[in-house]
Structures are given as C-alpha cells and as structure tokens.
Amino acid sequence: MKILHTSFECYPIAKVGGLADVVGALPRYQNELENQSSVIMPYHDNSFTQQHNFKVIYKGKLTLGSLVYEFSVRQLTSKDLGFDLYTIHTGRLLDRQNVYGYKDDTERFIVFQKAVLDWLQNIEEKPDIIHCHDHHTGLIPFLMTHGEPYESLRSIPTILTIHNAQYQGQISYDKLHYLPSFDKNKIGLLDWSGCINPLASAIKCAWKVTTVSPSYMKELQVRANGLENLLSQEKNKSVGILNGIDAEHWNPKTDSMLVKNYSFNNLITGRKANKKWLCEEYELDINRPLFAFIGRLVGEKGADILPEIITETINNTNACVFMLGSGDPAVEKQLEELKKQFQGRYNAHIGYDEELSHKIYAGADFLLMPSRVEPCGLNQMYALRYGTVPVVRRVGGLKDTVVDIGDNGFGICHDQVLVWDVCYSIKRAINLYNDQEHYKKIQKKIMKIDHSWNRSAQEYVDLYNSLIQLK
C-alpha cells in the first residue's frame, strides 16, 4: 500500500510540537509493516535542509489570486529517516526558518496544498491513501473531491487526523479566489461560522477522521472550539487512535543525549547520574524529589498557574522544581523572576532544547502535566519510558495512558486544573517518593509499558485497507 502523509511539521526536519513527532515516526513504523509510506512537507530553510541533499523530481507553476508561483518538489536523497521525504520549495514563501508565525501563513498553507495536489495530479504512480494532518492540510480532502483541476484524484481515500482542534486555520471569504475553481454549489463544505474553515471542511470531506486518542475523540463532541456539533454529526466516520512514541529515538539504553545510559536493570545508577548533572547544571539540591515541566507555556498546558504551583510547592514541601518551555511572555517573566526567590530549589530554561528535554526525562523524579487540553500527549509516554512518574490531569490522552496509584496504577492523577489539585497531587507524589521501595517498584513497572508505534501503525493500516475496499 502506498501512503502519503501531508504535514507542515516532521521531526527531525522541523518541529514545533507533537505533530512533528507523530509524522516523523508513524511512516517508518508503517513501512516496517511492508507498506510504502512517505511524507510531503514544506521545504523549511533551516539547519536540517541546509545540511542535507535534496534532488528536484518535479517542477510546477500555480496561481494565488493574481500572483504566480513557481515551485519544485524536492526529495531527500538520504534514506536514514526510514521513509521517503518530499518537500515543496517555492522560493521566499515557504522556504523560511520558522514553521509558523508569519502574517501570510494563510497564503503559505494554501500554496503548499495546491502544490501538493498539482504534483499528485501529474505523477503517474499515485498514492493509495492521502493522510492529512491538522488544518494546514485541511483543504486537500475538499479539493481532491470538488476541485476542478484534480479530477484524477477523486477516488483516492483521504484521512484527516486532528492533533489539536483548537487551531482551525479560519480564512475570510475575501481570499476565496485563492482556491482553484470548484462547483460553487459545494461551498457549504468549506464554510463554518461564516468563514472558510479548513479543519471543519476536512472533517466534512475526508473519508475518515481520526484523533490522537480515544478520550480526545469523545471530548471533542462537547468541547472543540465551536466544532462540537459537526464532530457529533460525523462521529460515525470518526475514531480515536492513540499515538505511539518512537521507541528507538526515545530509548534510555541508547539515547546519545543522556549523561549516562541505562536500562531496566540499572535504572537506579543511570537515573542518578542524569539527575546529578541536571542538579549541578541548574543549582538544585539532588537529595530532594525533583518535579519537572516540559512544554509550551500556554493556557492549554495549564502554564498560567505554574508560578503559583511552584511557589506553593517550594514553601510547603521539600521538593525542587525545574521548568523547560516557552510561550506566553507574561508566564515566562514570572518563571524567570522566581529564580531569585527560590535559588537552589527552583530553576527554569526558557526556550526549546531537545537535548535538555531528554536529560530531564532521565533525571527528574516526576513530570508535571496539569493540562486543560491534551489531545494525546507524548511527554507522559516519554517519561514512562525513562522511568519518570507522571503527575497529570485526567484529560484526553493523559486519561488513556496514566492510571493513578490509588487504582493499582503507576501515576498521580487529578481532575481539575486548579492550584490546590496540582499541589495536592505533588504532595501525594512526595509521599510515594519517600517510600523508596514502592517508588522504585513503580519505576520498574512503567519502564516496561509499551507505547511504541507498532500497535498504532497497524491500526492505521487496517483503517486504510477498509477504505481502499470501498473504492
């Protein structure tokens, strides 16, 4: 089976969040199941693309209103990723260092999708499945079905995976002329709440809709930033498939980013070495339980209450706390200011640092995830893999992957995104830590949990096959 994933992110080429991790792992695991799975994404002008070789395999031209763009499809010559990688190169529009955050992002998303479809329209060997990820590729299912230039693509099944329904890519109707010609009687398939909504359109037009965890699929029918009714209407073609993690990349036994590698058999000494480095580097007390947060400093992640949680924890327990992330400038400022107040017990690294995140998973005792929204969450799976006990809110994929120790499980869970709830969970975690025999037993238990992509990749392949049989 020939599968093409379309995405704006893919690790290790360009990463903003968990979307990149999924798109960078799922195709490789699908190929291990004897498929031909590949990825197409923009050619981001960054260190990865500058340091690797690409060959041009297709050249085309498209319009965006009155503007004309020449583009090329470039294929990565290296086979090290475990799947074929294709990129869309357009000169100054797509070929930028950052993935998102530009005033003309709408134009960038549309040009990317039109270029992908132009390429697919003109190649001889077409994919059996087009797998679209999030709103950046959400117009593809509509255009494949109703766009007049893409008639040869009509019968190819499309899948939409919703990684985060909070972001929908809304476009005002004054940019409708950016799209290729289509039957205007079908314009309702683009519309939601008075604008062009790529995510809503994909939910309507894709053959199947998936979310990145079963619980998130249920939650979206009651809380989806305005798409609740639509997702309820389309629930019969929707399914939640829990994300996996790349068990080769996230492996404490072979992880080159760690101070000391370890496995199930020597986790105590291995983790102690990584905690020692972390505490020395950031001036924390190694003899205290260490709680860490890794992620975007935004309301979805509960970041707005982190400063108060830190203050309460340092003042009322013997724990240390470490933060890694960036986002809301106001939260960043508060986290920086707390460094002076709680020197020796608290520290933070504002920004994104992949290597440091690996060391935190290997050195922290507990991982905090007080999320308001967590479609799947990969951080808690990384933590489990490295023997770090997660402290999470029961929401989305966190609910599907972490079972509280009070229910004969292996994590600490709470139900509300409130300072009191999180701090109470931290105290429960400290009680667990003080019972070292029980704590070490939990660590050994969680390192055995298999959250690799093997199961999820097979579930997607089975879903693809069910659609191909409908053609």
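See the values below:
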quantity	calculated
Pick from segment 397-432, criterion hydroxyl-bearing (Ser, Thr, Tyr) and either at pLDDT below 95 or crowded, with 20+ Cβ neighbours inside 10 Å (or both), ranking: nearest to Arg288 (Cα to Cα)	Ser425
Residue in segment 17-33 that is touching a strand residue (DSSP E or B) at 6+ places or on another chain (Cβ under 8 Å) and surrounded by fewer than 19 Cβ atoms within 10 Å (Cβ to Cβ) present	yes
Scope segment 254-289; condition of a type in the set (S, T, N, Q), assigned by TED's automatic domain parsing to the domain that holds Cys320 and more than 16 Å from Met447 (Cβ to Cβ); matching residues	Asn287
Odd one out for Leu67, checked against (1) farther than 27 Å from Asn164 by Cβ; (2) in contact with a strand residue (DSSP E or B) (Cβ under 7 Å, 6 or more places away or on another chain)	(2)
All positions within segment 2-16 that are crowded, with 22+ Cβ neighbours inside 10 Å and of a type outside the set (A, V, I, L, M, F, W, C)	His5, Thr6, Ser7, Glu9
Selected residue (only one of Tyr262, Tyr216 is among the hydroxyl-bearing types (Ser, Thr, Tyr) and assigned to a helix (DSSP H, G or I))	Tyr216
Criterion: of a type outside the set (Phe, Trp, Tyr), in contact (Cβ under 8 Å) with a residue 24 or more places away in the chain and out of contact with any Gly (no Cβ under 7 Å at 6 or more places or on another chain) - qualifying residue of Ser452, Ser425, Ser456	Ser425
Every residue from segment 34-52 that is surrounded by 20 or more Cβ atoms within 10 Å (Cβ to Cβ) and under 27 Å from Gly327 (Cβ atoms)	Val39, Met41, Pro42, Tyr43, His44, Thr49
Single residue of segment 183-230 satisfying the filter (under 24 Å from the mean Cα position of the chain (by Cα) and small (Gly, Ala, Ser)) that is modelled with the lowest pLDDT	Ala224
Filter result (free of Cβ contacts under 8 Å to residues at least 60 places away in the same chain and either within 29 Å of His451 (Cβ to Cβ) or not in a loop (DSSP other than H, G, I, E, B) (or both)) within segment 53-67	Phe54, Lys55, Val56, Ile57, Lys59, Lys61, Leu62, Thr63, Leu67
Among residues of segment 116-140, those that are crowded, with 19+ Cβ neighbours inside 10 Å and either at pLDDT below 95 or on the phi < 0 side of the Ramachandran plot (or both), counted	17
Any hit, segment 68-90, residues being within 21 Å of Gly17 (Cα to Cα) and surrounded by fewer than 16 Cβ atoms within 10 Å (Cβ to Cβ)	no
In segment 195-241, the residues that are farther than 17 Å from Gly138 by Cβ, touching a residue at least 24 places away in the same chain (Cβ under 8 Å) and polar (S, T, N, Q)	Ser213, Ser215
Output for segment 132-164, where each listed residue is part of a strand (DSSP E or B) and in contact (Cβ under 8 Å) with a residue 40 or more places away in the chain	Cys132, His133, Thr158, Ile159, Leu160, Thr161, Ile162
Looking only at segment 423-455, and only at residues there that are out of contact with any Ser or Thr (no Cβ under 7 Å at 6 or more places or on another chain) and among the basic types (Lys, Arg), the one that is nearest to Phe410 (Cα to Cα)	Lys445
Pairs with Cβ under 9 Å, 6+ apart, first in segment 402-414 and more than 14 Å from Thr388 (Cα to Cα), second of a type in the set (Asp, Glu) and surrounded by fewer than 20 Cβ atoms within 10 Å (Cβ to Cβ)	Cys413/Asp404; Cys413/Asp407; His414/Asp404; His414/Asp421
Selection count where residues are within 22 Å of the chain's Cα centre (by Cα) and free of Cβ contacts under 8 Å to residues at least 12 places away in the same chain, scope segment 68-97	1
Checklist (1) closer than 23 Å to Val417 by Cα; (2) of a type outside the set (A, V, I, L, M); (3) surrounded by 24 or more Cβ atoms within 10 Å (Cβ to Cβ) applied to Asp365, failing item	(3)
Residue match in segment 172-194 (condition: touching a Gly at 6+ places or on another chain (Cβ under 9 Å) and within 19 Å of Cys376 (Cβ to Cβ))	no
Boolean, Ile305 is assigned to a helix (DSSP H, G or I), at pLDDT 95 or above, closer than 29 Å to Asn243 by Cα and among the β-branched types (Val, Ile, Thr)	yes
Segment 116-131 residues that are touching a residue at least 24 places away in the same chain (Cβ under 8 Å) and under 19 Å from Lys471 (Cα atoms), paired with ones that are outside any loop (DSSP other than H, G, I, E, B) and not hydrophobic (A, V, I, L, M, F, W, C) (beta carbon under 6 Å, 6 or more apart)	Gln121/Tyr150; Gln121/Ser152; Pro127/Lys2; Asp128/Lys2; Ile129/Tyr464; Ile130/Thr158; His131/His5
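The values are calculated or read from the model by the stated rules, or taken from the named source; none is laboratory data. Predicted model only: the values in this text are computed from it and were never measured. Glycine also receives a Cβ, built like all others from the backbone with ideal geometry; neighbour counts cover every protein chain displayed.
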